[in-house]
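Q: The structure's right below; bear with me while I get my questions together.
The values are calculated or read from the model by the stated rules, or taken from the named source; none is laboratory data. It should be emphasised that the depicted structure is a prediction, and the values quoted were computed from it without experimental measurement. Glycine also receives a Cβ, built like all others from the backbone with ideal geometry; neighbour counts cover every protein chain displayed.
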Amino acid sequence: MRAVRLAVGGLLLAAAALHAQAAKPHRLQWAPAPDALPKGAKMAVVRGDPAGTGPFAVRLSMPANYRIPPHFHPTAEHVTVKVGTLLVGMGDTFNADSTKPLRKGQSGEIPARVHHFAQTRGATVIEISSTAPFAVTYVHPHDDPRNAAGTP
């Protein structure tokens with residue numbers, strides 16, 4: 001009987017330890033954003049693998065006035081603003097006057113292959129949820145930072 005009580009007690013302690021670990025916030029590991037994005041941003045993977053297959057979520061931290069030129073993705077993306085304000089516009093030409101603000105706590109979805117662009121108002125952190133593999137195609141090749149002539 002004592003062995004059963006010890007075993008049950010051990011299981012309860014193990015369950016409490018697992019619960020305590022699960023209750024702790026996930027520590028994100030930030031690194032420079034992939035070279036498909038203009039320099040200056042940092043990215044952290046929240047879940048999944050954006051380079052693999054299946055669903056994923058990443059956080060993108062961008063400085064004030066950070067711009068992402070017109071581009072599109074092969075899959076839809078869901079964007080939630082965690083900090084700051086993201087100005088989002090649609091189309092083939094960057095036009096700051098046509099952007100709509102997404103503020104902290106707000107979210108939106110951009111369908112696959114829809115041409116869009118963005119700029120931050122102040123330091124901004126967003127969470128992007130999508131389906132991997134994640135890819136960025138710029139409307140104008142000269143805007144692509146991966147090209148030698150690309151302008152960030």
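Q: Just one of the numbered conditions (1) surrounded by 12 or more Cβ atoms within 10 Å (Cβ to Cβ); (2) modelled with pLDDT of 95 or more is not true of Ala51; which one?
A: (2)
Q: Has region 64-80 got at least one residue that is in contact with a His (Cβ under 8 Å, 6 or more places away or on another chain), of a type in the set (A, V, I, L, M), under 23 Å from Arg146 (Cα atoms) and assigned to a loop (DSSP other than H, G, I, E, B)?
A: no
Q: Assess whether Ile128 counts as being touching a residue at least 60 places away in the same chain (Cβ under 8 Å) and either assigned to a strand (DSSP E or B) or in contact with a strand residue (DSSP E or B) (Cβ under 6 Å, 6 or more places away or on another chain) (or both).
A: Against the criterion (touching a residue at least 60 places away in the same chain (Cβ under 8 Å) and either assigned to a strand (DSSP E or B) or in contact with a strand residue (DSSP E or B) (Cβ under 6 Å, 6 or more places away or on another chain) (or both)), Ile128 qualifies.
Q: Given the conditions (1) under 14 Å from the mean Cα position of the chain (by Cα); (2) free of Cβ contacts under 8 Å to residues at least 24 places away in the same chain; (3) loosely packed, with under 14 Cβ neighbours inside 10 Å, and given that Ser98 satisfies all but one, which numbered condition is not satisfied?
A: Of the numbered conditions (1) under 14 Å from the mean Cα position of the chain (by Cα); (2) free of Cβ contacts under 8 Å to residues at least 24 places away in the same chain; (3) loosely packed, with under 14 Cβ neighbours inside 10 Å, the odd one out for Ser98 is (1).
Conditions (1) within 22 Å of Pro141 (Cβ to Cβ); (2) assigned to a strand (DSSP E or B); (3) more than 14 Å from the chain's Cα centre (by Cα), marked per residue:
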position: Lys39; (1), (2), (3): yes, no, yes
position: Asp49; (1), (2), (3): no, no, no
position: Pro55; (1), (2), (3): no, yes, no
position: Leu60; (1), (2), (3): no, yes, no
position: Lys82; (1), (2), (3): no, yes, no
position: Thr93; (1), (2), (3): yes, no, yes
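Q: With Ala118, Ala135, Ala123, Ala64 as the choices, which residue is within 24 Å of Ala31 (Cβ to Cβ), small (Gly, Ala, Ser) and within 13 Å of the chain's Cα centre (by Cα)?
A: That would be Ala135, the only listed residue that is within 24 Å of Ala31 (Cβ to Cβ), small (Gly, Ala, Ser) and within 13 Å of the chain's Cα centre (by Cα).
Q: From the list Pro70, Pro63, Pro111, pick out the single residue that is surrounded by fewer than 16 Cβ atoms within 10 Å (Cβ to Cβ) and within 25 Å of Pro32 (Cβ to Cβ).
A: That would be Pro63, the only listed residue that is surrounded by fewer than 16 Cβ atoms within 10 Å (Cβ to Cβ) and within 25 Å of Pro32 (Cβ to Cβ).
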